[in-house]
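A.B. asks: For reference, the structure I am asking about is given below.
The values are calculated or read from the model by the stated rules, or taken from the named source; none is laboratory data. Quantities reported herein were computed from a predicted structural model and do not represent experimental measurements. Note that each Cβ is placed from the backbone with ideal geometry, even for glycine, and that neighbours are counted across all protein chains shown. Quick note on the areas: whole protein, heavy atoms, side chains included, nothing else; ligands and nucleic acids left out. Shrake-Rupley method; radii C 1.70, N 1.55, O 1.52, S 1.80 Å.
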Amino acid sequence: MAALFRGSRNVLLRWTKHVDLAFVSSRSMASKTPVGFIGLGNMGTPMAKNLLKNGYPIIATDVFPESRKELQDTGAQVVDSPADVAEKADRIITMLPSSPNVIEVYTGPNGILKKVKKGTLLIDSSTIDPAVSREMALAAEKMGAVFMDAPVSGGVGAASLAKLTFMVGGVEEEYQAAQELLTCMGANVVYCGQVGTGQAAKICNNMLLAIGMIGTAETMNLGIRLGLDPKLLAKILNMSSGRCWSSDTYNPVPGVMEGVPSANNYQGGFGTTLMAKDLGLAQNTATNTKTPIPLGSLAHQIFRVMCSRGYANKDFSSVFQFLREEEVAGW
């Protein structure tokens with residue numbers, strides 16, 4: 001019944017596009033029902049703010065009081081627990097660090113599923129093990145709710161600008177209802193298939209991202225040691241076959257680009273510990289599927305070493321700094 005209602009609502013929204021725009025705007029802003037948001041970190045906070053900007057009342061929570069206050073100051077209603085969110089909203093987005101966090105938020109003593117209403121749409125944008133996504137989907141189904149995985153790519157900058165890419169897995173009939181919310185936070189929303197396929201796409205993307213960042217950092221470090229100006233080298237790479245996202249959009253060398261973590265002592269962005277976690281997910285799924293990932297495995301090892309050497313809370317592009325500080329004999 002909830003899927004039918006959401007489908008009917010989408011048909012109505014498409015029809016109203018043909019009505020006077022001012023009328024549609026005022027009516028749509030007034031009729032938007034609250035959206036729950038759980039997890040207000042570097043990514044979750046700007047995502048929730050973009051929903052607010054699009055006229056959705058937000059009911060939010062996070063384990064850190066300062067994160068809750070920041071969103072509350074922008075107009076969100078803050079509650080104490082995920083269960084409290086579920087009691088007040090029938091569409092909930094979660095953005096959490098890891099699989100254990102997701103399990104706790106959904107199935108813990110004060111979790112979403114303790115008070116979830118039948119027909120509630122649950123969208124998890126965390127990056128976790130696909131098997132955990134499937135487990136949460138089954139638990140939600142038993143409570144009459146619908147769970148979809150929708151991890152994101154793009155980083156904090158894209159989250160702030162509502163230019164994220166969402167990779168969505170779940171029941172296809174529910175995709176349009178999820179898309180309505182996700183398009184407020186991202187430029188690209190891609191349906192990948194059944195629950196867990198969104199996570200699979202994200203894990204593959206982040207493994208390539210990690211490998212590409214290490215390659216860019218190695219290349220820039222070598223060029224600098226050979227006497228090349230880093231800005232010149234970056235310019236050459238970005239007009240040549242070596243160009244990649246890590247070189248032309250998120251360069252790891254301080255002073256080459258503005259507005260990236262390397263220009264801010266590697267603060268903000270995507271933490272090294274999170275990249276190590278995602279590479280661990282890639283390693284686990286590769287082992288389970290008997291898939292060789294030699295470069296992915298080496299990248300996992302490098303980022304794990306970085307975490308033990310004081311880089312855990314720095315952006316993952318700090319691999320450049322890590323390599324600069326390593327003696328040649330160490331490798």
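A.B. asks: Quick check on Asn10: is it part of a helix (DSSP H, G or I), touching an Asp or Glu at 6+ places or on another chain (Cβ under 9 Å) and either farther than 20 Å from Val152 by Cβ or modelled with pLDDT of 85 or more (or both)?
C.D. replies: Yes, satisfied.
Residue-wise test of (1) open to solvent by 50 Å² or more (accessible area, probe 1.4 Å); (2) over 26 Å from Leu295 (Cα atoms); (3) modelled with pLDDT under 95; (4) not assigned by TED's automatic domain parsing to the domain that holds Pro292.
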site: Gly170; (1), (2), (3), (4): no, yes, no, yes
site: Leu228; (1), (2), (3), (4): yes, yes, no, no
site: Trp245; (1), (2), (3), (4): yes, no, no, no
site: Ser262; (1), (2), (3), (4): no, no, no, no
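A.B. asks: State whether one or more residues within segment 128-137 are surrounded by fewer than 19 Cβ atoms within 10 Å (Cβ to Cβ) and touching a residue at least 24 places away in the same chain (Cβ under 8 Å).
C.D. replies: There is at least one residue in segment 128-137 that is surrounded by fewer than 19 Cβ atoms within 10 Å (Cβ to Cβ) and touching a residue at least 24 places away in the same chain (Cβ under 8 Å).
A.B. asks: Then there is this: Just a yes or no: is a residue in segment 173-188 out of contact with any Gly (no Cβ under 6 Å at 6 or more places or on another chain), under 20 Å from Trp245 (Cα atoms) and surrounded by fewer than 19 Cβ atoms within 10 Å (Cβ to Cβ)?
C.D. replies: yes
A.B. asks: Moving on to the next point. Just one of Asn238, Asn251 is open to solvent by less than 60 Å² (accessible area, probe 1.4 Å), of a type outside the set (Asp, Glu) and over 16 Å from Val156 (Cα atoms); which is it?
C.D. replies: When all the criteria are applied, what remains is Asn238.
A.B. asks: Just need a number here: residues in segment 138-152 that are part of a strand (DSSP E or B) and without any contact (Cβ under 8 Å) to a residue 40 or more places away in the chain.
C.D. replies: 0
Conditions tested, residue by residue: (1) without any contact (Cβ under 8 Å) to a residue 24 or more places away in the chain; (2) not in a helix (DSSP H, G or I).
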{"site": "Cys184", "(1), (2)": "no, yes"}
{"site": "Gln199", "(1), (2)": "no, no"}
{"site": "Asn206", "(1), (2)": "no, no"}
{"site": "Ile211", "(1), (2)": "no, no"}
{"site": "Ile236", "(1), (2)": "yes, no"}
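A.B. asks: Within segment 54-94, count every residue that is within 19 Å of Ala145 (Cβ to Cβ), open to solvent by 30 Å² or more (accessible area, probe 1.4 Å) and touching a Leu at 6+ places or on another chain (Cβ under 9 Å).
C.D. replies: Final tally of qualifying residues: 1.
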